[in-house]
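Working notes for the structure below.
The values are calculated or read from the model by the stated rules, or taken from the named source; none is laboratory data. Please read these numbers as outputs of a predicted model, since none were measured by experiment. Cβ atoms come from the backbone with ideal geometry, glycine included; neighbour counts cover every protein chain shown. Each accessible area value is taken on the protein alone, full model and side chains, heavy atoms only, with ligands, DNA and RNA left out. Shrake-Rupley method; radii C 1.70, N 1.55, O 1.52, S 1.80 Å.
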Amino acid sequence: GCEEGIDRGEAEDFIRLYHAENPSAGSVKPRLREVAREISQTGTYTHTPGELAFGARVAWRNSNKCIGRLYWKSLRVRDRRHVDTADGVAEECVEHLRVATNKGKIRPTVTVFAPDRPGEQAPVIWNDQLIRYAGYRRPDGSVVGDPANVEVTEAAVRLGWRGRGTRFDVLPLIIEAKGTPALRGLPAEVVLEVPLRHPSFRWFADLGLKWHAVPVISNMCLEIGGIRYPCAPFNGWYMGTEIGARNLADADRYDQLAVVAERLGLDMSHDRTLWRDQALVELNVAVLHSFEEDGVAVTDHHTEARRFMLHLEKEERSGRVCPADWSWIVPPLSGAATPVFHRYYDDVELTPAFVRRDRNQS
Ligand code: HEM
Ligand SMILES: N=C(Nc1cccc(CNC[C@@H]2CCCN2)c1)c1cccs1
């Protein structure tokens, strides 16, 4: 919340950073005076469109856990700070999906909705991504669909939603505006999905697996110069391992390794036959093959690791520290076979930033 008002120091630091990296923005002194005046009069201040776009791009550049930061300057910023109703947020999220998906040629995009302001509650989205598959817990404790989404599925059901009960039901958005949560379904035409098949094993298609094309994170707060934007959904494209080595592989997600190993005819009698590892590779081959064949942007972890090494070099050449968290940067498959494994990083927390939104804060 912003009961205590804006941190003037953070506001000044950001304005100075903006002018330092954008000489065409003119002299910093008049803008610093204007911001200080607005804060003392209203308890907050308003970013110019240029400051907002730069702040969002630098928040991406500062994201310690992100391997995909090479193209941070190309982030498309949709300034929707005037939107603060459930209908408005829903409409703009649908448009975000249309613009970002771009028929598979995915464009990294962020939509920035209303900020926290003294006495006004900013809208928030309860879903952690715009596109999520429902998880239905059955009486015997088993789950149909994505176990990671059982809670949000139950929240949607409490609000009146009923799914079809398949393993891949796309959840509605739950948007809380002015304290009231509301359901808003996504039109099918903005939810691009990729059915998964394997280039060599024809039986793979019969597993009935698929995944959505665009990951749009909708539960993080964008913080710029002391201003909090609790609703700022952002997307890139997937790295294949996120789907093939986590979402479909984790035991507490779709748990498909034994299913794939069985169909591969592997010896599953002991871990040391490495049947899990062989199944993992084929599952990831299927993800990359299917996305590529459908013309949907995706990267493999070798390519993404090489790009990140290039990003590190460029940042160091620009005289900046590139903050990184080794445990998130190293891919969950074949870590040491990628260059990002073989070095240390400075895991410092810089601002502007995308931060996890605490449950109790808006
Ligand atoms: C363009 C392609 C991109 C790729 C391939 C990529 C890749 C990734 C991957 C693999 C992760 C780890 C996710 C996980 O393990 O669950 C990640 C984390 C993250 N990425 Fe990126 N990213 C991209 C673009 C972006 C963009 C456009 C933004 C924001 C504008 C962004 C911000 C972040 C943040 C904040 C995290 C950490 C999330 C958390 O703390 O939970 N990334 N990225
Ligand atoms: N490729 C992406 N993956 C991504 C990025 C940030 C966060 C996430 C979701 N991470 C949460 C899960 C659940 C815990 C560990 N991983 C995925 C992108 C999503 C949005 C922009 S890029």
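Numbers for the structure displayed
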| quantity | calculated |
| --- | --- |
| Search result, residues across the stretch 202-224 that are under 30 Å from residue 52 (Cα atoms), open to solvent by less than 10 Å² (accessible area, probe 1.4 Å) and within 15 Å of ligand 2 (Cβ to nearest atom) | 212, 213, 214, 216, 218, 221, 222 |
| Candidate set: the stretch 27-61, residues that are among the hydrophobic types (A, V, I, L, M, F, W, C) and within 16 Å of ligand 2 (Cβ to nearest atom); chosen: the one farthest from residue 16 (Cα to Cα) | 60 |
| The stretch 148-175, residues that are open to solvent by 40 Å² or more (accessible area, probe 1.4 Å) and at negative phi | 148, 151, 154, 157, 158, 159, 161, 162, 164, 166, 167, 170 |
| The stretch 316-337, residues that are outside any loop (DSSP other than H, G, I, E, B) and without any contact (Cβ under 8 Å) to a residue 40 or more places away in the chain | 316, 317, 326, 327, 335, 336, 337 |
| Filter result for the condition that a residue is open to solvent by 20 Å² or more (accessible area, probe 1.4 Å) and of a type outside the set (S, T, N, Q), over 286, 324, 279, 258 | 258 |
| Listing of strands (runs of 3 or more DSSP E) fully contained in the stretch 118-221 that carry 1 or more residues being free of Cβ contacts under 8 Å to residues at least 60 places away in the same chain and touching a Lys or Arg at 6+ places or on another chain (Cβ under 7 Å) | 143-145, 193-195 |
| Single residue of 227, 243 found to be away from ligand 1 (no atom under 13 Å from the Cβ) and open to solvent by less than 10 Å² (accessible area, probe 1.4 Å) | 227 |
| Residue count for the stretch 92-103, restricted to those that are within 16 Å of ligand 2 (Cβ to nearest atom) and under 17 Å from the mean Cα position of the chain (by Cα) | 6 |
| Of residues in the stretch 21-41 being under 33 Å from the mean Cα position of the chain (by Cα) and of a type outside the set (A, V, I, L, M), the one nearest to residue 117 (Cα to Cα) | 38 |
| Residues of the stretch 15-40 satisfying the condition of being among the charged types (D, E, K, R), under 27 Å from residue 315 (Cβ atoms) and open to solvent by 80 Å² or more (accessible area, probe 1.4 Å) | 16 |
| Among residues of the stretch 176-185, those that are in contact with a strand residue (DSSP E or B) (Cβ under 6 Å, 6 or more places away or on another chain) and open to solvent by less than 30 Å² (accessible area, probe 1.4 Å), counted | 1 |
| Residues located in the stretch 93-123, provided they are farther than 12 Å from residue 217 by Cα, β-branched (Val, Ile, Thr) and either within 16 Å of ligand 1 (Cβ to nearest atom) or at pLDDT below 95 (or both) | 99, 101, 106, 112 |
| When residues of the stretch 62-91 are limited to those that are small (Gly, Ala, Ser) and either part of a helix (DSSP H, G or I) or open to solvent by 40 Å² or more (accessible area, probe 1.4 Å) (or both), the one nearest to ligand 2 (Cβ to nearest atom) | 74 |
| Scan of the stretch 327-347 for residues that are open to solvent by less than 50 Å² (accessible area, probe 1.4 Å) and under 17 Å from residue 64 (Cα atoms), ordered by number | 329, 330, 331, 340, 345 |
| Where residue 362 falls short, out of the listed (1) modelled with pLDDT of 95 or more; (2) on the phi < 0 side of the Ramachandran plot; (3) surrounded by 14 or more Cβ atoms within 10 Å (Cβ to Cβ) | (1) |
| Residue pairs meeting the criteria (Cβ under 9 Å; at least 6 apart or on separate chains; first closer than 15 Å to residue 52 by Cβ and among the hydrophobic types (A, V, I, L, M, F, W, C), in the stretch 68-81; second part of a strand (DSSP E or B) and open to solvent by less than 60 Å² (accessible area, probe 1.4 Å)) | 75/109; 75/110; 75/234; 77/109; 77/110; 77/111; 77/112 |
| Residue under evaluation residue 242, criteria (1) closer than 24 Å to residue 218 by Cα; (2) assigned to a helix (DSSP H, G or I); (3) in contact with an Asp or Glu (Cβ under 9 Å, 6 or more places away or on another chain), criterion not met | (3) |
